[in-house]
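In what follows, a structure is listed as structure tokens, so that the remarks can point back to it.
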Amino acid sequence: MENLNKEKIVIYGAGRIGQIACAVLKELCSNFDDKILGYAVTHINNNPNEIEEIEVHDLDYYVDLGVDIKYLIAVREKFKNPIIEELKNRNISNYEIFEYSKYIKLLEDLWKTQSEERFMIFKSNKDEENLSDEEYLMFLSRQLKKGFLNFEINLADHCNLNCQCCSHFSPIAEKHFVDCVQLERDLKRLYELVDGKIGKVLLIGGEPLLHPDICNVLRIARKCLPESKLDLMSNGLLIPKMNEEFWQALNDLNIGLMVTKYPINFDYDACEKLALEKGIVISYGALPEPVKTTSHLTIKDENEFNPYQMYMKCDHANECVVLREGRMYTCPFAANIHQYNKYYNKHIPSQDSVSIDIYGVDNWGAVEEYLKRPNKMCGHCDRYNMKYNIPWAVSKRNVKEWTM
Ligand code: SF4
Ligand code: SF4
């Protein structure tokens with residue numbers, strides 16, 4: 001960090017760790033505004049154009065500037081090597097890895113100044129043995145989150161693909177679409193609460209393209225959130241059937257189309273070509289290859305776990321925030337668990353008991369405080385035994401997909 005004070009800096013990575021690196025630089029560099037050029041990302045289509053007034057661009061942009069830049073690689077362990085390779089391929093050797101573990105104390109101090117009470121309660125519940133430095137840092141970054149709000153909205157709860165272990169419970173969800181009147185009201189209310197500081201919004205599902213009035217939904221979203229990055233996130237299956245009005249709406253409203261590819265017999269290339277003909281470049285999340293695996297969260301009927309420990313370990317907590325029917329949820333599991341309860345006759349805390357009413361608060365601070373703490377479902381989530389890399393398969397609607 002001392003060396004970085006002498007150069008222009010680009011932070012490679014605009015995710016949680018990139019933003020933490022930015023917070024650390026702000027603390028340590030006296031002339032931060034002069035030093036920092038922006039964030040670099042690999043997939044520019046998946047990221048907002050700026051994060052808290054710091055620009056986000058792809059690497060080409062910075063290379064084309066033709067100035068001396070030090071790249072600070074600030075990403076999760078698994079993404080480091082591909083980025084180093086990319087820099088080497090462009091003969092860029094002026095880079096450093098952001099060694100986040102060195103700055104945990106500094107970040108804790110920042111956190112403590114924000115809310116000593118919350119800091120103390122989490123610290124007293126911290127399970128050193130079962131929380132890695134990287135997980136703790138990700139948690140800290142979500143605690144330190146302030147400024148621009150990112151969130152997601154289900155346009156349809158159900159889905160036309162039905163993947164096993166779906167975190168939105170779409171295979172077992174009742175048919176349900178977002179109501180346009182409620183959506184407009186909620187977005188206006190949120191906009192007012194956060195003073196327009198809404199960064200990125202995912203219009204998601206289930207499968208959002210199932211919504212019978214999708215163009216109207218898109219128009220409402222753009223009208224209420226004129227400056228936000230809006231992305232429609234789909235499994236793509238309905239793309240060949242979308243009409244001209246849909247393509248026109250995406251173009252006119254500057255709404256992105258993100259597709260997750262699955263290992264199924266479906267011609268994604270033809271979709272990409274069709275979208276291009278309509279003026280839309282499809283983006284594919286972090287990886288352009290089909291998703292071949294899924295992860296599995298065990299949900300217990302009883303409140304068995306320390307909710308603070310589960311929350312600290314959880315990569316959904318205050319990361320994939322959900323707006324649903326006038327309420328904010330910390331994660332999609334909590335926002336959709338009522339579907340699971342109904343299908344399997346379970347009684348996990350849901351709906352009003354795991355969310356906060358955006359009409360029942362005076363200011364955004366109250367919502368933010370709620371999202372930064374465990375909700376009543378957290379004690380049911382066995383985050384210590386998450387299973388990853390389960391081969392992707394269609395759901396058999398067996399309760400074991402969410403319990404074993
Ligand atoms: S495509 Fe699969 S993971 Fe996505 S909402 Fe549908 S069922 Fe869930
Ligand atoms: S309910 Fe809590 S622990 Fe469970 S997924 Fe959501 S935030 Fe994580």
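The values are calculated or read from the model by the stated rules, or taken from the named source; none is laboratory data. Just so it is clear, the model here is predicted, and its values are computed rather than measured. Ideal geometry is used to build each Cβ from the backbone, glycine not excepted, and the neighbour counts take in all protein chains shown. Each accessible area value is taken on the protein alone, full model and side chains, heavy atoms only, with ligands, DNA and RNA left out. Shrake-Rupley method; radii C 1.70, N 1.55, O 1.52, S 1.80 Å.
Numbers for the structure displayed
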{"read-out": "Criterion violated by Glu302 - all others in (1) within 17 Å of Leu190 (Cα to Cα); (2) open to solvent by 40 Å² or more (accessible area, probe 1.4 Å); (3) in a loop (DSSP other than H, G, I, E, B); (4) of a type outside the set (A, V, I, L, M, F, W, C) satisfied", "value": "(1)"}
{"read-out": "Hits in the stretch 385-404 (condition: open to solvent by 60 Å² or more (accessible area, probe 1.4 Å) and either on the phi > 0 side of the Ramachandran plot or within 21 Å of the chain's Cα centre (by Cα) (or both))", "value": "Lys387, Tyr388, Asn389, Arg397"}
{"read-out": "Residue, nearest to ligand 2 (Cβ to nearest atom), within the stretch 373-398, restricted to residues that are within 19 Å of Asn160 (Cα to Cα) and in contact with a helix residue (DSSP H, G or I) (Cβ under 9 Å, 6 or more places away or on another chain)", "value": "Ser395"}
{"read-out": "Qualifying residue in the stretch 125-144 (condition: open to solvent by 20 Å² or more (accessible area, probe 1.4 Å), of a type outside the set (S, T, N, Q) and without any contact (Cβ under 8 Å) to a residue 12 or more places away in the chain)", "value": "yes"}
{"read-out": "Filter result for the condition that a residue is within 21 Å of Lys200 (Cβ to Cβ), within 16 Å of ligand 1 (Cβ to nearest atom) and open to solvent by less than 10 Å² (accessible area, probe 1.4 Å), over Ala317, Ala335", "value": "Ala335"}
{"read-out": "Residue within the stretch 132-145 that is of a type in the set (Gly, Ala, Ser), closer than 20 Å to Ala23 by Cα and not in a helix (DSSP H, G or I) present", "value": "no"}
{"read-out": "Check on Lys346, more than 20 Å from the chain's Cα centre (by Cα) and either among the β-branched types (Val, Ile, Thr) or modelled with pLDDT of 95 or more (or both)", "value": "yes"}
{"read-out": "Strands (runs of 3 or more DSSP E) wholly inside the stretch 312-404 that include at least 1 residues being farther than 23 Å from Cys159 by Cα", "value": "381-391"}
{"read-out": "Any hit, the stretch 183-191, residues being of a type in the set (Phe, Trp, Tyr), surrounded by fewer than 22 Cβ atoms within 10 Å (Cβ to Cβ) and modelled with pLDDT under 95", "value": "no"}
{"read-out": "Single unsatisfied condition, Val259 versus (1) crowded, with 19+ Cβ neighbours inside 10 Å; (2) within 14 Å of ligand 2 (Cβ to nearest atom)", "value": "(2)"}
{"read-out": "Qualifying residue in the stretch 278-298 (condition: farther than 23 Å from Leu190 by Cβ, in a helix (DSSP H, G or I) and away from ligand 1 (no atom under 16 Å from the Cβ))", "value": "no"}
{"read-out": "Count of residues meeting criterion [farther than 18 Å from Gly205 by Cβ and touching a residue at least 60 places away in the same chain (Cβ under 8 Å)] in the stretch 320-332", "value": "2"}
{"read-out": "Index of the failed condition, Tyr62 passing every other in (1) at pLDDT 90 or above; (2) under 23 Å from the mean Cα position of the chain (by Cα); (3) among the hydroxyl-bearing types (Ser, Thr, Tyr)", "value": "(2)"}
{"read-out": "Residue tally, condition open to solvent by less than 10 Å² (accessible area, probe 1.4 Å), in a helix (DSSP H, G or I) and more than 16 Å from Asp179 (Cα to Cα), over the stretch 206-248", "value": "3"}
{"read-out": "Selection from the stretch 145-158 of residues that are in contact (Cβ under 8 Å) with a residue 60 or more places away in the chain, more than 16 Å from ligand 2 (Cβ to nearest atom), crowded, with 22+ Cβ neighbours inside 10 Å and not charged (D, E, K, R)", "value": "Leu149, Leu155"}
